[in-house]
Amino acid sequence: MNLPKNATIIEVGPRDGLQNEKNFVPTDVKKEFIFRLKQSGIREMELTSFVSPKWVPQMQDASDIVNSCMTTDSRDIVLAPNKRGIERVYETDCRSVAVFVGVSNTFNQKNINKTTAEAIEGLAPLILELKEQGYFVRACISTAFHCPYEGKIAQEDALSLCREFVSLGVDELSVADTIGRANPVEAYGLFSLLKQELPNTLLTAHFHDTRKMALSNILAALQAGVDRFDTSAGGLGGCPFAPGATGNVATEDVVYMMEEMGISTGIDLEKLAYAIELVKPHVSRPIESGYYRLYELNQS
(Lines give C-alpha, C1' and ligand atoms only; values in the text may rest on other atoms or scores of the structure.)
Protein backbone atom coordinates (compact mmCIF):
# COMPACT_ATOMS: atom_id res chain seq x y z
CA MET A 1 0.00 0.00 0.00
CA ASN A 2 1.08 3.56 -0.68
CA LEU A 3 1.23 4.97 2.86
CA PRO A 4 3.17 7.83 4.46
CA LYS A 5 5.51 7.29 7.39
CA ASN A 6 3.97 10.20 9.27
CA ALA A 7 0.63 11.97 9.35
CA THR A 8 -0.49 15.26 10.88
CA ILE A 9 -3.67 15.44 12.93
CA ILE A 10 -5.41 18.81 13.08
CA GLU A 11 -7.65 18.70 16.14
CA VAL A 12 -10.96 20.52 15.56
CA GLY A 13 -12.79 19.44 18.72
CA PRO A 14 -12.63 22.73 20.65
CA ARG A 15 -14.13 24.60 17.70
CA ASP A 16 -15.99 22.37 15.27
CA GLY A 17 -16.64 19.76 17.91
CA LEU A 18 -18.27 22.08 20.44
CA GLN A 19 -19.88 24.74 18.25
CA ASN A 20 -23.19 22.89 17.93
CA GLU A 21 -23.57 21.95 21.61
CA LYS A 22 -26.82 23.39 22.96
CA ASN A 23 -25.57 23.56 26.54
CA PHE A 24 -22.77 26.04 27.11
CA VAL A 25 -19.54 24.27 27.98
CA PRO A 26 -17.85 26.26 30.77
CA THR A 27 -14.89 28.32 29.60
CA ASP A 28 -12.55 26.79 32.17
CA VAL A 29 -13.47 23.32 30.92
CA LYS A 30 -12.70 24.37 27.34
CA LYS A 31 -9.33 25.73 28.41
CA GLU A 32 -8.40 22.55 30.27
CA PHE A 33 -9.66 20.46 27.33
CA ILE A 34 -7.33 22.35 25.00
CA PHE A 35 -4.44 22.01 27.45
CA ARG A 36 -4.91 18.25 27.74
CA LEU A 37 -5.19 17.86 23.96
CA LYS A 38 -1.87 19.65 23.56
CA GLN A 39 -0.37 17.48 26.29
CA SER A 40 -1.32 14.44 24.22
CA GLY A 41 0.95 15.63 21.41
CA ILE A 42 -1.40 17.58 19.16
CA ARG A 43 0.47 20.42 17.46
CA GLU A 44 -2.22 21.90 15.20
CA MET A 45 -5.65 22.81 16.51
CA GLU A 46 -8.73 24.92 15.81
CA LEU A 47 -9.17 26.68 19.14
CA THR A 48 -12.41 28.58 18.58
CA SER A 49 -14.17 30.91 16.16
CA PHE A 50 -14.83 34.63 16.04
CA VAL A 51 -18.48 34.51 15.05
CA SER A 52 -21.61 36.21 16.31
CA PRO A 53 -22.64 34.76 19.70
CA LYS A 54 -26.21 35.32 18.56
CA TRP A 55 -25.79 32.60 15.93
CA VAL A 56 -23.23 30.39 17.69
CA PRO A 57 -23.63 30.98 21.45
CA GLN A 58 -21.01 28.33 22.29
CA MET A 59 -18.30 30.62 20.90
CA GLN A 60 -19.15 33.66 23.03
CA ASP A 61 -15.94 33.17 25.05
CA ALA A 62 -13.70 33.05 21.97
CA SER A 63 -11.48 36.00 22.91
CA ASP A 64 -10.82 34.56 26.36
CA ILE A 65 -9.98 31.16 24.86
CA VAL A 66 -7.52 32.64 22.37
CA ASN A 67 -5.83 34.85 24.93
CA SER A 68 -5.46 31.97 27.39
CA CYS A 69 -4.63 29.00 25.15
CA MET A 70 -2.09 30.19 22.59
CA THR A 71 1.27 28.41 22.86
CA THR A 72 4.49 28.81 20.90
CA ASP A 73 4.93 25.10 20.14
CA SER A 74 1.67 24.64 18.25
CA ARG A 75 -0.27 26.13 15.35
CA ASP A 76 -3.37 27.56 17.00
CA ILE A 77 -6.07 28.36 14.45
CA VAL A 78 -9.09 30.64 14.83
CA LEU A 79 -12.02 30.52 12.44
CA ALA A 80 -12.88 34.05 11.30
CA PRO A 81 -15.42 33.86 8.48
CA ASN A 82 -15.83 37.57 7.72
CA LYS A 83 -14.34 41.03 8.08
CA ARG A 84 -15.54 41.52 11.66
CA GLY A 85 -14.08 38.18 12.71
CA ILE A 86 -10.72 38.97 11.13
CA GLU A 87 -10.67 42.37 12.82
CA ARG A 88 -11.02 40.52 16.13
CA VAL A 89 -8.10 38.26 15.15
CA TYR A 90 -5.93 41.34 14.66
CA GLU A 91 -6.61 42.24 18.31
CA THR A 92 -4.95 39.00 19.47
CA ASP A 93 -1.59 37.25 19.10
CA CYS A 94 -3.13 34.60 16.87
CA ARG A 95 -1.24 34.19 13.56
CA SER A 96 -3.30 31.42 11.93
CA VAL A 97 -6.76 32.06 10.53
CA ALA A 98 -9.37 29.79 8.96
CA VAL A 99 -12.03 30.99 6.52
CA PHE A 100 -14.71 28.86 4.89
CA VAL A 101 -16.93 28.65 1.83
CA GLY A 102 -19.13 25.82 0.65
CA VAL A 103 -18.98 24.55 -2.90
CA SER A 104 -22.78 24.43 -2.88
CA ASN A 105 -24.60 27.70 -3.57
CA THR A 106 -27.61 26.62 -1.53
CA PHE A 107 -25.49 25.66 1.46
CA ASN A 108 -23.82 29.09 1.41
CA GLN A 109 -27.13 30.90 1.08
CA LYS A 110 -28.56 28.99 4.06
CA ASN A 111 -25.36 29.56 6.06
CA ILE A 112 -24.05 33.03 5.21
CA ASN A 113 -26.79 34.40 2.92
CA LYS A 114 -24.41 34.56 -0.07
CA THR A 115 -23.77 32.54 -3.18
CA THR A 116 -20.41 30.79 -3.55
CA ALA A 117 -19.19 33.49 -5.96
CA GLU A 118 -20.32 36.30 -3.63
CA ALA A 119 -18.62 34.61 -0.67
CA ILE A 120 -15.29 34.34 -2.52
CA GLU A 121 -15.58 37.93 -3.72
CA GLY A 122 -16.03 39.10 -0.13
CA LEU A 123 -13.19 37.00 1.25
CA ALA A 124 -10.63 37.77 -1.46
CA PRO A 125 -9.44 41.17 -0.14
CA LEU A 126 -9.42 39.85 3.43
CA ILE A 127 -7.23 36.86 2.50
CA LEU A 128 -4.85 39.07 0.52
CA GLU A 129 -4.54 41.41 3.52
CA LEU A 130 -3.88 38.50 5.88
CA LYS A 131 -1.16 37.15 3.61
CA GLU A 132 0.45 40.59 3.25
CA GLN A 133 0.72 40.67 7.05
CA GLY A 134 2.28 37.22 7.25
CA TYR A 135 -0.66 35.19 8.56
CA PHE A 136 -1.14 31.48 7.93
CA VAL A 137 -4.47 31.11 6.12
CA ARG A 138 -6.49 27.91 6.08
CA ALA A 139 -9.42 27.68 3.66
CA CYS A 140 -12.15 25.25 4.67
CA ILE A 141 -14.05 23.90 1.67
CA SER A 142 -17.48 22.75 2.87
CA THR A 143 -19.78 20.38 0.93
CA ALA A 144 -16.93 19.25 -1.35
CA PHE A 145 -18.62 15.91 -2.04
CA HIS A 146 -22.33 16.17 -1.20
CA CYS A 147 -24.72 18.90 -0.07
CA PRO A 148 -27.77 18.40 2.17
CA TYR A 149 -29.79 20.57 -0.25
CA GLU A 150 -28.28 19.99 -3.70
CA GLY A 151 -27.13 16.38 -3.46
CA LYS A 152 -23.93 15.19 -5.13
CA ILE A 153 -21.41 17.92 -5.93
CA ALA A 154 -19.65 17.86 -9.29
CA GLN A 155 -15.95 17.13 -8.83
CA GLU A 156 -15.01 20.01 -11.12
CA ASP A 157 -16.97 22.46 -8.93
CA ALA A 158 -14.97 21.42 -5.86
CA LEU A 159 -11.70 21.65 -7.82
CA SER A 160 -12.63 25.09 -9.14
CA LEU A 161 -13.27 26.50 -5.66
CA CYS A 162 -9.98 25.06 -4.41
CA ARG A 163 -8.13 26.64 -7.34
CA GLU A 164 -9.69 30.03 -6.53
CA PHE A 165 -8.49 29.88 -2.93
CA VAL A 166 -4.99 28.84 -4.00
CA SER A 167 -4.87 31.74 -6.46
CA LEU A 168 -5.51 34.04 -3.48
CA GLY A 169 -2.48 32.61 -1.69
CA VAL A 170 -3.98 30.44 1.04
CA ASP A 171 -1.54 28.08 2.75
CA GLU A 172 -3.90 25.17 3.37
CA LEU A 173 -7.07 23.65 1.95
CA SER A 174 -9.25 21.67 4.35
CA VAL A 175 -11.60 19.78 2.03
CA ALA A 176 -14.70 18.55 3.83
CA ASP A 177 -17.28 15.82 3.49
CA THR A 178 -19.61 18.01 5.53
CA ILE A 179 -22.54 15.61 5.81
CA GLY A 180 -20.59 12.35 5.86
CA ARG A 181 -21.98 11.14 2.54
CA ALA A 182 -18.75 10.49 0.59
CA ASN A 183 -17.44 7.00 -0.18
CA PRO A 184 -13.80 5.87 -0.60
CA VAL A 185 -13.94 6.00 -4.42
CA GLU A 186 -15.08 9.63 -4.28
CA ALA A 187 -12.49 10.47 -1.62
CA TYR A 188 -9.65 8.90 -3.60
CA GLY A 189 -10.78 10.55 -6.82
CA LEU A 190 -11.03 14.12 -5.56
CA PHE A 191 -7.91 14.05 -3.40
CA SER A 192 -5.85 12.44 -6.17
CA LEU A 193 -6.78 15.30 -8.51
CA LEU A 194 -6.11 17.92 -5.85
CA LYS A 195 -2.67 16.46 -5.12
CA GLN A 196 -1.84 16.53 -8.83
CA GLU A 197 -3.16 20.03 -9.54
CA LEU A 198 -2.14 21.82 -6.33
CA PRO A 199 1.11 20.16 -5.22
CA ASN A 200 2.44 23.20 -3.35
CA THR A 201 -0.57 23.69 -1.09
CA LEU A 202 -1.09 21.88 2.23
CA LEU A 203 -3.98 19.53 1.64
CA THR A 204 -6.11 18.32 4.55
CA ALA A 205 -9.02 15.89 4.48
CA HIS A 206 -12.01 16.53 6.75
CA PHE A 207 -14.49 13.66 7.11
CA HIS A 208 -17.68 13.36 9.14
CA ASP A 209 -18.75 9.93 10.32
CA THR A 210 -22.50 10.13 9.68
CA ARG A 211 -22.60 6.77 7.87
CA LYS A 212 -19.53 5.25 9.58
CA MET A 213 -17.48 5.73 6.40
CA ALA A 214 -14.91 8.19 7.73
CA LEU A 215 -12.10 5.72 8.49
CA SER A 216 -12.46 4.05 5.09
CA ASN A 217 -12.44 7.48 3.44
CA ILE A 218 -9.28 8.39 5.37
CA LEU A 219 -7.62 5.22 4.12
CA ALA A 220 -8.58 6.19 0.56
CA ALA A 221 -7.20 9.70 1.07
CA LEU A 222 -3.97 8.24 2.44
CA GLN A 223 -3.70 6.19 -0.76
CA ALA A 224 -4.17 9.40 -2.75
CA GLY A 225 -1.18 10.95 -0.99
CA VAL A 226 -2.90 12.99 1.73
CA ASP A 227 -1.11 13.04 5.09
CA ARG A 228 -3.11 15.71 6.96
CA PHE A 229 -6.49 15.07 8.58
CA ASP A 230 -9.00 17.09 10.58
CA THR A 231 -10.38 15.06 13.48
CA SER A 232 -12.35 15.75 16.63
CA ALA A 233 -11.62 14.21 20.04
CA GLY A 234 -14.51 12.01 21.05
CA GLY A 235 -16.06 12.32 17.59
CA LEU A 236 -17.75 15.54 18.72
CA GLY A 237 -19.25 17.93 16.24
CA GLY A 238 -21.77 18.53 13.53
CA CYS A 239 -22.81 21.52 11.46
CA PRO A 240 -25.79 23.67 12.52
CA PHE A 241 -26.37 24.56 8.85
CA ALA A 242 -26.11 21.00 7.47
CA PRO A 243 -29.09 18.85 8.51
CA GLY A 244 -28.05 15.31 9.28
CA ALA A 245 -24.36 16.08 9.73
CA THR A 246 -23.21 14.18 12.79
CA GLY A 247 -19.83 14.41 14.43
CA ASN A 248 -16.41 14.53 12.90
CA VAL A 249 -14.37 11.36 12.79
CA ALA A 250 -12.96 10.65 16.26
CA THR A 251 -9.33 11.67 16.75
CA GLU A 252 -8.65 8.64 18.94
CA ASP A 253 -9.91 6.16 16.34
CA VAL A 254 -7.89 7.79 13.56
CA VAL A 255 -4.73 7.85 15.69
CA TYR A 256 -5.22 4.22 16.71
CA MET A 257 -5.73 3.11 13.10
CA MET A 258 -2.71 5.00 11.84
CA GLU A 259 -0.37 3.88 14.58
CA GLU A 260 -1.45 0.27 14.03
CA MET A 261 -0.64 0.72 10.33
CA GLY A 262 2.83 2.06 11.12
CA ILE A 263 2.00 5.70 10.45
CA SER A 264 3.36 7.93 13.21
CA THR A 265 1.13 10.73 14.52
CA GLY A 266 3.12 11.76 17.59
CA ILE A 267 -0.03 11.53 19.72
CA ASP A 268 -0.35 9.65 23.02
CA LEU A 269 -3.69 7.82 23.02
CA GLU A 270 -4.06 7.56 26.79
CA LYS A 271 -3.46 11.29 27.21
CA LEU A 272 -5.95 11.92 24.44
CA ALA A 273 -8.55 9.81 26.25
CA TYR A 274 -7.79 11.81 29.42
CA ALA A 275 -8.78 14.97 27.52
CA ILE A 276 -12.02 13.39 26.33
CA GLU A 277 -12.79 12.25 29.88
CA LEU A 278 -12.83 15.89 30.98
CA VAL A 279 -15.28 17.16 28.36
CA LYS A 280 -17.57 14.11 28.30
CA PRO A 281 -19.89 15.23 31.16
CA HIS A 282 -20.42 18.61 29.49
CA VAL A 283 -21.59 17.48 26.06
CA SER A 284 -25.02 16.23 25.08
CA ARG A 285 -23.99 13.45 22.73
CA PRO A 286 -22.45 10.19 23.93
CA ILE A 287 -18.80 9.40 23.21
CA GLU A 288 -19.11 6.34 21.00
CA SER A 289 -15.66 5.93 19.46
CA GLY A 290 -14.24 2.42 19.57
CA TYR A 291 -11.00 3.41 21.25
CA TYR A 292 -12.65 5.46 23.99
CA ARG A 293 -15.13 2.69 24.85
CA LEU A 294 -12.20 0.31 25.35
CA TYR A 295 -10.41 2.95 27.42
CA GLU A 296 -13.42 3.22 29.73
CA LEU A 297 -13.64 -0.54 30.09
CA ASN A 298 -9.99 -0.68 31.08
CA GLN A 299 -10.53 2.04 33.67
CA SER A 300 -13.42 0.24 35.37
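The values are calculated or read from the model by the stated rules, or taken from the named source; none is laboratory data. Keep in mind the model is a prediction, meaning the values are calculated, not measured. Glycine gets a Cβ as well: all are built from the backbone with ideal geometry, and neighbour counts include every protein chain shown.
R95 falls short on exactly one of the conditions (1) farther than 22 Å from G237 by Cβ; (2) touching a residue at least 60 places away in the same chain (Cβ under 8 Å), and that condition is (2). Which one is surrounded by the fewest Cβ atoms within 10 Å (Cβ to Cβ) among residues in the stretch 180-200 that are on the phi < 0 side of the Ramachandran plot and in contact with a strand residue (DSSP E or B) (Cβ under 6 Å, 6 or more places away or on another chain)? Among those that are on the phi < 0 side of the Ramachandran plot and in contact with a strand residue (DSSP E or B) (Cβ under 6 Å, 6 or more places away or on another chain), it is R181. Taking the criterion of being among the β-branched types (V, I, T) and farther than 21 Å from R228 by Cα, the only residue of the stretch 141-171 that qualifies is I153.
Selection of the stretch 241-271 for residues being under 17 Å from the mean Cα position of the chain (by Cα) and over 18 Å from H208 (Cα atoms) yields only T265. For the stretch 27-38, the criterion of a residue being modelled with pLDDT under 95 and over 24 Å from F229 (Cβ atoms) is satisfied by no position.
Checked against (1) of a type in the set (V, I, T); (2) in a helix (DSSP H, G or I); (3) in contact with a helix residue (DSSP H, G or I) (Cβ under 6 Å, 6 or more places away or on another chain), V89 meets all criteria but (3).
Among the residues that make up the stretch 155-173, is at least one of them assigned to a strand (DSSP E or B) and out of contact with any Asp or Glu (no Cβ under 6 Å at 6 or more places or on another chain)? Looking through the stretch 155-173, at least one residue is assigned to a strand (DSSP E or B) and out of contact with any Asp or Glu (no Cβ under 6 Å at 6 or more places or on another chain).
Among the residues of the stretch 120-142, is there at least one that is modelled with pLDDT of 95 or more, hydroxyl-bearing (S, T, Y), under 19 Å from G237 (Cβ atoms) and buried (at least 21 other Cβ atoms within 10 Å of the Cβ)? Yes, the stretch 120-142 contains a residue that is modelled with pLDDT of 95 or more, hydroxyl-bearing (S, T, Y), under 19 Å from G237 (Cβ atoms) and buried (at least 21 other Cβ atoms within 10 Å of the Cβ).
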